[in-house]
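Report on the structure given below.
The values are calculated or read from the model by the stated rules, or taken from the named source; none is laboratory data. Computed from a prediction, not measured in an experiment: that's the story for all the values here. With ideal geometry, Cβ positions are generated from the backbone for all residues, glycine too; neighbour counts draw on all protein chains shown. Please note that ligands, DNA and RNA were not included when accessible areas were found on the heavy atoms of the full protein model with its side chains. Shrake-Rupley method; radii C 1.70, N 1.55, O 1.52, S 1.80 Å.
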Amino acid sequence: GAGAVGAGAVGAGILGRGGVARGDGRAFGGRDLTVVPTREREVALTFDCGGGDQGVDEVLGVLGAWGVAATFFMTGRFASAHGDAARRIARAYPVGNHSMTHPAFPGLTREQRVEEVRSAAAAVERAVGRPPVRLFRFPFGEVNRECVADVNAEGYTCVRWTVDTLGWKGAGGGITTERVVGRVLDALVPGAIVLMHVGRTSSADPSTVDAAALPELIQAISDRGYGFLSLDGLLGGRVEGARSGSEQ
């Protein structure tokens, strides 16, 4: 699940809010981006893969049917345990680095942070046949300036989110399709980054709320006149990226 931003991150002012040149990852050093710097009416759907693989087939099916771009952030542990799901994801969508074991980075030493990043990259490459793209998302969203600097030094752009659907809390936590859609629409701005998850909430709550809500969410975003972008465009010449999974 996602956690609150660390107080150090807010106080240090490292959360990106636009005003940054598009298309060059070097421009984002020292930042944990919360929005894609663009004036276009486009949003980035992102999915964290850190637990089980429940909901993966549903998510991929909906994205493919709608021709919608998305970006996945995968832990090395997920890639190692769910190789088939990891390969299905990577065949169509960019896969970013979400650490090896999903620890809270501020509590680690620099050496431990580097090991988490490098081990995850190696595990993803073993599972899908190529390393992750150079995008990193901090587990739980817990971050401080030192964490960002250490990850930047490994060649990664750090990407947070604009809005968390809270789907990871599950049906047992009171999260419904209506709440998912409402939260995203309330936060909708050009370049918004939407955080969603694959995997069930827990053994006691097998719901995969984000997967279930995805068709209605895509429809609702489209009805507001927004398109969809892929975050790997942050690393090259075009933020827009590919327009659909089948084109990537």
Subject >> In range of the label at ASP223: residues from the range 169-185 whose backbone nitrogen is under 16 Å from the point 7 Å along Cα→Cβ >> reply: 177-185
Original post:
From the backbone phi of the range 182-198, what are the Karplus-calculated ³J(HN,Hα) couplings (6.51 cos²θ - 1.76 cosθ + 1.60, θ = phi - 60°) in whole Hz, Gly and Pro given as x?
Top reply: x, 4, 5, 5, 5, 9, 5, 9, x, x, 4, 10, 9, 9, 9, 9, 9
Original post:
In the range 61-168, carbon and sulfur make up what percent of the accessible area (probe 1.4 Å)?
Top reply: 50 percent
Subject >> Potential lengthening between ARG118 and GLU154 on full extension [0.36 nm per residue; Cα-Cα distance subtracted] >> reply: 12.1 nm
Original post:
Which order do SER207, SER80, SER230 take by accessible area at a 1.4 Å probe, largest first?
Top reply: SER80, SER207, SER230
Original post:
Whose amide H sits under 5 Å from the amide H of ILE193, counting only residues 5 or more places off or on another chain, with H placed in the peptide plane?
Top reply: VAL36, ALA44, THR162, VAL163
Subject >> Order of exposure, largest accessible area first, which applies to SER222, SER203, SER99 with probe 1.4 Å >> reply: SER203, SER222, SER99
**OP:** Would you mind calculating the gained length between ARG91 and GLU178 on full extension (0.36 nm times residue separation, minus the Cα-Cα distance), in nm to one decimal?
**Re:** 28.3 nm
Original post:
What percent do you get for the relative contact order of the range 80-150 when only Cα pairs under 8 Å and 6+ apart count?
Top reply: 44 percent
Original post:
Stretch ASP84-GLU125 to full length: gain in nm at 0.36 nm per residue minus the Cα-Cα span?
Top reply: 13.5 nm
Subject >> Spin-label pair GLU216/ARG39, simplified geometry with 7 Å Cα→Cβ offset, distance in nm >> reply: 3.5 nm
Original post:
Residues with amide H under 5 Å of ASP48's amide H, sequence separation 5 or more or different chain, H placed in the peptide plane at 1.01 Å from N; which?
Top reply: PHE73, MET196, HIS197, VAL198
**OP:** Give a residue-ordered list of calculated ³J(HN,Hα) values for the range 151-166 (Karplus: 6.51 cos²θ - 1.76 cosθ + 1.60, θ = phi - 60°; whole Hz; x for Gly, Pro).
**Re:** 6, 4, 5, 8, x, 10, 8, 8, 10, 9, 7, 8, 9, 9, 5, 6
Subject >> Rounded if a/c under 1.5, otherwise prolate or oblate - the range 137-234, Cα gyration tensor axes >> reply: oblate
**OP:** Whole number in Å², please: accessible area per residue of the range 32-235, 1.4 Å probe, ligands, DNA and RNA not counted.
**Re:** 37 Å²
Original post:
Taking H as built 1.01 Å from N, whose amide H comes closer than 5 Å to the amide H of LEU33, not counting residues under 5 places away?
Top reply: GLY16, CYS158, VAL159, ARG160
**OP:** Output ³J(HN,Hα) for the range 212-226: one whole-Hz value per residue in order, computed from phi by the Karplus curve 6.51 cos²θ - 1.76 cosθ + 1.60 with θ = phi - 60°, and x for Gly and Pro.
**Re:** 5, 7, 4, x, 5, 5, 4, 4, 5, 5, 4, 5, 7, x, 9
Subject >> Shape call, the range 20-143: gyration tensor on alpha carbons, a/c limit 1.5 >> reply: oblate
